[in-house]
Every structure is written in C-alpha cells, then in structure tokens.
Amino acid sequence: MPQRSRSRGSELQDEFKFQPSTSSFKWPAIKEPVASVTWSLAALDDDPEYERLDRLVEVVEQGLTSCIGPSGTLLALDWQHTSYRFAPQGVGDPGQPAWPLSPYPDGDYYIYLSEDFRMGSFGHPWEESLCLFGQELLDAASAEVEKLLGQPIRRSGRAVGTA
C-alpha cells in the first residue's frame, strides 16, 4: 500500500533544478537529464475515449515497475500536495490499491522517481509534456510512448530538430 512520504522537494530542487512556472519562457521546469526524452501530450487531445491516454499510463507504469525490481520502491511526487513512497508490485492489480498519481500531469506536476533519482517521469501540466529519464526506463518504454505520442520535442534536454 502506498505510504505518505515527507516532501523530497529540496532534493528534487538540488538534483533537477526544479522551477515551477506557467511561463513558456521558463520551460522545461527541470534540468532534463542526459538520458531523457520529452514528448508533447498534444496527441492525446483527440482521444475522446481516452484509449491512448490509458495505454500511455499503462506503458509508463509497466516500464517503471520492470526497472525498479521486485523489492524496489518509487516516490510519487505531486507538487505542493501529499507525496508517496510505494512498491509498484503492490499496486495496480485487481484487489490492490491504485497507483498513486498518474504519469499524465492532470493540472499539476506529477513526478515518479526511483529512490536514487536514476530514473523516473516528469509530467508538466502547462507545457503539456511528459519526460522519461534514465536509460533503463527509456529502453523499456520510449518506443511504445513514441508510437502513442509521436516524435519527441526534446532529447537530453535539447530541442529535437534544432542545431
């Protein structure tokens, strides 16, 4: 069962230089790691039955679960709200609690992190983007995410298609 966790905000700030903002001049809101890919979520705008959104959530959750290992835990951070520490193997299946939060940033920053910050996801609600980071997670999930969302907007923090 997910456990409420004290804030890891200062560690997030130190590691990723987190700077929340609604201003596009200040995006992205984190210093995206070298092994990262960021996609626009605009492809989900025309998804009236939420099929692609549901599949996106499933792919990211499966990727995180497979990468964290059988006894690992994740942090689920909801900016300025309750955060959680949980074992992905103990949530999401029938008879288990649901995952805390979602990779999809529904009105707030939603962040999943491994305890050592080596991998995770960062959902930006105003840029309407999703960043996956950590080579293992990218190997596990990025091909399927790209099928759902299209070409990324950034790789390793750099805009795709620019010099």
If I filter segment 106-116 for residues that are assigned to a loop (DSSP other than H, G, I, E, B) and within 20 Å of Val160 (Cα to Cα), do I get at least one hit? no
Within segment 60-114, the residues that are closer than 24 Å to Leu148 by Cβ and aromatic (Phe, Trp, Tyr) are Trp99, Tyr104, Tyr109, Tyr110, Tyr112
Criterion: without any contact (Cβ under 8 Å) to a residue 60 or more places away in the chain and crowded, with 22+ Cβ neighbours inside 10 Å - qualifying residue of Tyr112, Tyr50: Tyr112
Of everything in segment 53-71, what is assigned to a loop (DSSP other than H, G, I, E, B) and open to solvent by 80 Å² or more (accessible area, probe 1.4 Å)? Give them in sequence order. Pro70, Ser71
Among the candidates Ser129, Ser71, Ser156, residue that is more than 14 Å from the chain's Cα centre (by Cα), farther than 15 Å from Ala35 by Cβ and among the small types (Gly, Ala, Ser): Ser71
Segment 30-47: number of residues that are in contact (Cβ under 8 Å) with a residue 60 or more places away in the chain, open to solvent by less than 80 Å² (accessible area, probe 1.4 Å) and more than 14 Å from the chain's Cα centre (by Cα): 3
Taking into account only those residues within segment 72-92 that are within 17 Å of Glu136 (Cα to Cα) and in a loop (DSSP other than H, G, I, E, B), which is most open to solvent (accessible area, probe 1.4 Å)? Thr73
Looking only at segment 133-163, which residues are of a type in the set (A, V, I, L, M), touching a Pro at 6+ places or on another chain (Cβ under 9 Å) and either surrounded by 19 or more Cβ atoms within 10 Å (Cβ to Cβ) or closer than 21 Å to Ser114 by Cα (or both)? Val145
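The values are calculated or read from the model by the stated rules, or taken from the named source; none is laboratory data. Quick caveat: nothing in here was measured; it's all calculated off a predicted structure. So basically every Cβ, Gly included, is an ideal-geometry build from the backbone, and we count neighbours across all protein chains shown. Just so you know, the surface numbers come from the protein's heavy atoms only, side chains and all, with ligands and any DNA or RNA stripped out. Shrake-Rupley method; radii C 1.70, N 1.55, O 1.52, S 1.80 Å.
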